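Please treat every number below as a calculation from the coordinates, not as lab data. Given the structure is predicted, the values throughout are model-derived calculations rather than measurements. Here the Cβ is made from the backbone with ideal geometry for all residues, glycine too, and neighbour counts use every protein chain on show.
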Amino acid sequence: MTVRRPTLVFSLLAFGYAFLYAPIVSLVVYSFNESRLVTVWAGFSTKWYVSLLENEQLLGAAWVSLRIAVMNATLAVILGTLIGVALVRFGHFRGRSMLALMAGAPLVMPDVILGLSSLLLFVSMEQLLGWPDGRGMTTITIAHVTFSMAYVAVIVQSRLGRLDPSLEEAAMDLGARPWKVFFAITLPLIAPAIAAGWLLAFTLSLDDLVIASFTSGPGASTLPMVVYSSVRLGVSPEINALATVLVVFVSTGIIIAGISMQRRARRDAAAR
């Protein structure tokens, strides 16, 4: 007979949550610090949020990161969905193993290797073709799509593998063409996976530092690059304010998603 130890379990749980979230809470608290020294509390103030709104470097880098993340997520979803559909629905075609290998390689390859190989590719292309003309948002986006589409392909492939192919077969038996079956039946069924893949690709691009550092150029510094260069000289209260804004934004999205999921589950339970 197993003896339950709720006190020990609660203590371990509390320690785990404190280990994960105490630094974030400390960061949020010190973003309201009056002093410029982030480790010395000098009173409550919101002046660093006002200073953040006047920091053109951070705001410009945030805008660049958002644009790159949106473009990357959209292209990654398109390419990753096509790869997932090809691997699941087209059977054993010539080159399938190579496609699966190339699509999965970015998942296990170090970021340094991906960044360096992308840089060498862009330099060679510029010398041979004259494009891309230097490094910037275009090269960062292409490099991000290279590894982001692999995550989307895995998510879509997993979702397609659990679908009943008889739905698509029945539609084709009724005279629907393959493209009609894909857009009318397959695509709506895998829409949650596509949405999850888009959000994951967006997050990966917004968070990337290593690959963007290799493939960026003048005037195309992303937010992680600017934050990293600032932190190397000492943590600024403006960085704490920026991190707090991001934490609030992400937390709000998670809460909204959780509430939506609960409401949908209640509706499904009531319909049954």
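Per 0.36 nm of contour for each residue apart, how much would the distance between V231 and A257 grow if the chain were fully extended, relative to their Cα-Cα spacing? This chain segment gains 6.1 nm when fully extended. Projected onto planes of every orientation and averaged, the convex hull of the alpha-carbon atoms in the chain covers 23.3 nm².
Using C-alpha pairs under 8 Å with a sequence gap of at least 6, the mean separation divided by the residue count of the chain gives a relative contact order of 30 percent. The gain in end-to-end length when the T7 to D173 segment is fully stretched comes to 53.7 nm, 0.36 nm per residue minus the alpha carbon separation.
What is the helix-to-structure angle for 56-89, meaning the angle in degrees between its Cα long axis and the longest Cα principal axis of the chain, kept from 0 to 90 and rounded to the nearest 10? With rounding to tens, the tilt is 20 degrees. For the chain, the dipole from Cβ point charges (+1 on Lys and Arg, -1 on Asp and Glu) about the Cα centre works out to 960 debye, to the nearest 20. Which residues' amide hydrogens lie under 5 Å from the amide hydrogen of N33, considering only partners 5 or more residues apart or on another chain, with H built in the peptide plane? Residues meeting the amide H criterion: S45.
Protection proxy ranking, highest mean first, for peptides 264-272, 158-166: 158-166, 264-272, where packing is the per-residue count of other beta-carbon atoms within 10 Å, averaged. Seen against the Cα atoms of the chain and their longest principal axis, helix 237-271 is set at about 40 degrees.
Packing-based ranking of 170-182, 64-76 yields 64-76, 170-182, ordered from highest to lowest mean Cβ neighbour count within 10 Å. Helix 111-129 against the longest principal axis of the chain: what's the angle in degrees, Cα atoms only, rounded to the nearest 10? Tilt relative to the chain: about 70 degrees.
Would you work out which of L58, A170, F183 lies farthest towards the positive end of the dipole of the chain? Charges go on Cβ: Lys and Arg +1, Asp and Glu -1. Looking along the dipole axis, the top candidate is A170. Ranked from largest, the principal axis spans of the Cα set of segment 80-206 equal 53, 30, 24 Å. Along segment 21-36 the Karplus relation, 6.51 cos²θ - 1.76 cosθ + 1.60 evaluated at θ = phi - 60°, assigns HN-Hα couplings of 10, 4, x, 5, 4, 4, 4, 5, 4, 6, 6, 9, 7, 5, 6, 6 Hz to successive residues, with x for each Gly and Pro.
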